[in-house]
1. Once the piece of chain linking Tyr197 and Ala175 is laid out straight, how much longer is it, given 0.36 nm per residue of separation minus the C-alpha distance between them?
2. What do you get for the angle between helix 143-172 and the principal long axis of the chain? Use alpha-carbon atoms, 0 to 90 degrees, nearest ten.
3. List every residue whose amide H lies under 5 Å from the amide H of Tyr45, counting only residues 5 or more places away in sequence or on a different chain, with H placed 1.01 Å from N in the peptide plane.
4. Quick one: what does P(r) look like for the stretch 89-208 with 10 Å bins over all Cα pairs, in whole %?
5. Given contacts defined as C-alpha pairs under 8 Å and at least six residues apart, what's the relative contact order of the chain, whole-number percent?
6. Answer with a single label: of (i) 16.9; (ii) 18.9; (iii) 20.3, which was calculated as Kirkwood radius over Cα pairs in Å from the structure in view?
7. At what distance in nm do the modelled label points of Val124 and Ala62 sit from each other, each positioned 7 Å from its Cα along Cα→Cβ?
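None of the figures in this text is laboratory data; all of them are computed from the coordinates on show. Since the model is a prediction, treat every value here as computed from it, not as a measurement. Positions of Cβ are generated from backbone atoms using ideal geometry, with glycine treated the same way; all protein chains shown enter the neighbour counts.
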Amino acid sequence: MGANDELYGFVKEAMARGAALEQIRGALVDAGWDESRVRQALAAYDEGALGIPVPRPRPSEAREALVYLVLFATIYLSAFNLGNVAFQLVNRGFPVAGQSDVQVDDAIRLSASILVVSLPVFLVLTRATRRAVERDPSRRASAMRRWLTSLTLAVSSFACLGVFSTIVYNFLGDALTARFVLKALSAGIIAAGVFAYYLRDIREDAAP
């Protein structure tokens, strides 16, 4: 039995025995359970008029997994191609030997095309999933959502560390150039933006 099953099973049994929701919440928090997960488990049941806990309908796991996989895939595509557009604009301002304007324009056009498709999909799916969570707070307990959010935070934090470590390395080697700094800052800003967005998402999960 997984931790979530154990938590939901306890909530169901406690409600069936007539325990008040606040009593259940207090007991679980005192036992060491994360309060946001406790709230999500409590939201999964309705006290109902039958005197027993009535489970609320949950979304199909396959459908939910598909939605979150597409959502997170589009944020990765959007971030990568936004960074590539920024890099190519820097290349245009600070030309590289052997790279023609045609190559730069082709790279910008390709990344911009992907961005025009992926970013709206990300925004639409984000809005839809946020509305679904507002209607049913128990959806915050989605394992797929939690894993992908944690993965994205890890990837974006490693990207930020890599960018600023590279800046320091080049600074100590007296190899900083305007071209390098602009590219590094572009990558750092995008990675930091993604990190801040999903960190806020996690904080919202933990908020009362």
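1. Numbers: separation 22, 0.36 × 22 = 7.92 nm, distance 3.25 nm.
That works out to 4.7 nm of additional length.
2. Computed tilt is about 30 degrees.
3. For Tyr45, the qualifying residues are Arg56.
4. Calculated P(r), rounded to whole percents: 11, 29, 30, 19, 10, 1.
5. Details: 163 pairs, mean separation 47.1, N = 208.
The normalised contact order for the chain reaches 23 percent.
6. (iii)
7. Taking the two extended label points, one gets 2.3 nm.
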